Amino acid sequence: MLEQFKVQPEDQVRVTEENLRKTVEAVFSKMGLDDSDSALGADVLVKADMRGVDTHGVSNMLRSYVTGYGNGELNSHPNWTITRETPATANIDGDRGLGIIVTPKAMDIAIEKAKNVGMGVVTIHNSRHLGMASYHALKAVENDMIGMCMTSCPPGVLPTFGAEPVLGTNPIAIAAPADKEAPFVFDAAMSAVAGNKLGLARRNGTQLLAGWVADHDGSPIMEEVDPPTPGYEGSASSYLLPVGGTRELGSHKGYGMMCLVDILGGILTGGGYGMSPGRPNFGHYVAAYNIEAFMDTKEFKRTMDEWINMLNSSKPAPGHDRVMYPGQPEHEEVIERTEKGIPLHYEVVDWFKDICGELSIPFSLV
């Protein structure tokens, strides 16, 4: 994560994984979820924080979920059902269930299908936010498979040459196992900057870089700018740009990938796409590829180690001491946060104090 999105040392309150997990489980329980779903939801959020993906951990997402359960946008007991199925595929109606609860279960189905026929693909419609996409992709890695996850999000990003946000940030995550090395994990929004990072920038009082956002008329802002104020959509810097920022720098590639996610994670689910029906609906796509169906799994993992070591041992550019591969920084963050605790902004800890008091939950976070 870039420095402007990290909680500054003077604003940090370190909490343990155990205390955070217990508190989050208790909050979900108060929202009406049963014990297993409360534990699952907490696992998705806390693992995001442990991996340093603060955008999709408790800081940004939990309060949003609490609001969603409170106003009825989220169903605490979704009767999710398989609406269409083949030996390798399935389509699920999520019944307004939170994606961080329904999507791991969909990936379990995809993994089981991959065990039987080599690969499994499951799409989900009528669902809600799924949290850190790599959480779901990594479930496949635990089974010596390659995992993939993508989600068609409500609109917030401009197409290349566009002045109206008609596409979501539409993240894609792919995870692959290695032998001795940490798994390869690519997890990124197809916008130049993830939407949730705007909230981190506002909280930290930092600016957005050139080429991340556009002005109210769709013109890319090519200088540093303050993040937009919530509730002022359509104002300067409130529109995100695709990966690349401008056509000259390759924004058509990010734009094209966002379209791909809308097709596979939206239209293919049968439940529409990001722009239609729009918020709060999300469409999801998960896939598991059984390595053994293609080649010897041990050989694949050994070759992954060789490939990872090739990347790690390549010559770094001036000003950098090493080359890393996708998933390595997050793996190292888990080690550090296990030892030192998870750094939450004091404003987030204050919110926890307030919500625990409101829900009559003993506050034991710090």
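Quick note: the coordinates plus some simple rules give every number you see, no bench work behind them. Everything numeric in this text was worked out from a predicted model, so none of it was measured. Neighbour counts run over all protein chains shown; Cβ positions are idealised from the backbone, glycine included.
Descriptive notes on the structure:
- Packing-based exposure ordering (other Cβ within 10 Å, fewest first) of Phe161, Phe282, Phe5: Phe161, Phe5, Phe282
- Stretchable slack from Ser276 to Met310, in nm (0.36 nm times residue separation minus alpha-carbon distance): 7.9 nm
- Farthest toward the positive end of the dipole of the chain, out of Ala188, Leu198, Phe294, is the Cα of Phe294, where the dipole comes from beta carbon charges about the Cα centre.
- Think of each Lys and Arg Cβ as +1 and each Asp and Glu Cβ as -1; about the Cα centre, that makes the dipole of segment 39-114 roughly 60 debye.
- Theoretical ellipticity at 222 nm over the chain - DSSP helices of four or more residues, -39500 (n - 2.57) apiece, nearest 500: -12000 deg cm²/dmol
- The residues packed around Met222, meaning those with a beta-carbon under 12 Å from its beta-carbon, carry a net charge of -4 if Lys and Arg are +1 and Asp and Glu are -1.
- Mean Cβ neighbour count within 10 Å, used as a protection proxy, ranking 293-305, 55-67 highest first: 55-67, 293-305
- Excluding same-chain neighbours fewer than eight residues apart, the lysines reachable from Lys30 by a Cα-Cα span under 26 Å are Lys22, Lys47, Lys105, Lys353.
- Environment charge at Ser127 (Cβ cut-off 13 Å; Lys +1, Arg +1, Asp -1, Glu -1): +1
- Label sites at Ala210 and Ser364, each approximated as a point 7 angstrom past Cα along Cα to Cβ, lie 5.2 nm apart.
- Cα centre as origin, Lys/Arg/Asp/Glu Cβ charges: segment 1-73 dipole, Debye: 80 debye
- Cβ-defined net charge surrounding Thr83, 14 Å radius [Lys, Arg +1; Asp, Glu -1]: -2
- From most to least packed by mean Cβ count within 10 Å, the peptides 166-177, 108-119 give 166-177, 108-119.
- By the count of neighbouring beta-carbon atoms within 10 Å, fewest first, Cys149, Cys259 end up ordered Cys259, Cys149.
- Debye, to nearest 20: dipole size of segment 115-256, +1 on Lys, Arg Cβ, -1 on Asp, Glu Cβ: 420 debye
- Each residue, Lys298 and Gln8, gets one label point 7 Å from its Cα in the Cβ direction; the gap between the two is 5.4 nm.
- Extension gain from Glu248 to Ile82, taking 0.36 nm per residue of separation minus the Cα-Cα distance: 55.4 nm
- Full extension of the chain between Ala317 and Thr67 gives 85.5 nm of extra length, using 0.36 nm per residue less the Cα-Cα distance.
- Zone of Ala182's modelled label, taken as backbone nitrogen in segment 322-346 under 18 Å from a point 7 Å along Cα→Cβ: 322-343
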